[in-house]
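I have placed the structure first, in the form of structure tokens, so that the comments after it can refer back to it.
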Amino acid sequence: MKKHIKLMAGRIRRSRWLKYAVVFAAGVAIVGFLDENSVWSHIRNKRTIDDLQAEINHYRNQYERDKAQLRHLNSDPKAIEKIARERYFMKMDDEDIFVLSDDKPSKTEYTDETAEQN
């Protein structure tokens, strides 16, 4: 093994163009993959930037929707009443609310109901 390394080193020293090829290959390896400012890290950073830009656009759209909904709530008192009725099951004094659901109650709900009855 040592003999092969000495033989290769001797060939590199004697050959004028092989020296340049080895230095060029080492430079490409360092710049392309090993350095902290390498092409590989540039590609990773570009992907991260694209992901963050997509996230920024998502939150910007969500902000615009919320801002429009807030403007609507500030301008229309009926909208507040509608949200209070639909989301929070609030009612007027002279009303009754019935919540209808197609969902089957889970076993824990059965046990809670039987525990309350006992």
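With a cut-off of at least 2 residues that are open to solvent by less than 80 Å² (accessible area, probe 1.4 Å) and among the hydroxyl-bearing types (Ser, Thr, Tyr), name the helices (runs of 4 or more DSSP H) lying wholly within the range 1-106.
The helices (runs of 4 or more DSSP H) meeting that bar are 39-75.
Output the number of the condition that Thr108 fails; it satisfies all remaining conditions of (1) within 29 Å of the chain's Cα centre (by Cα); (2) modelled with pLDDT under 75.
Of everything listed in (1) within 29 Å of the chain's Cα centre (by Cα); (2) modelled with pLDDT under 75, Thr108 misses just condition (1).
The values are calculated or read from the model by the stated rules, or taken from the named source; none is laboratory data. Predicted model, so just to flag it, every value in this text is computed and none were measured. These accessible areas exclude ligands, DNA and RNA; they are computed on the full protein's heavy atoms, side chains included. Shrake-Rupley method; radii C 1.70, N 1.55, O 1.52, S 1.80 Å.
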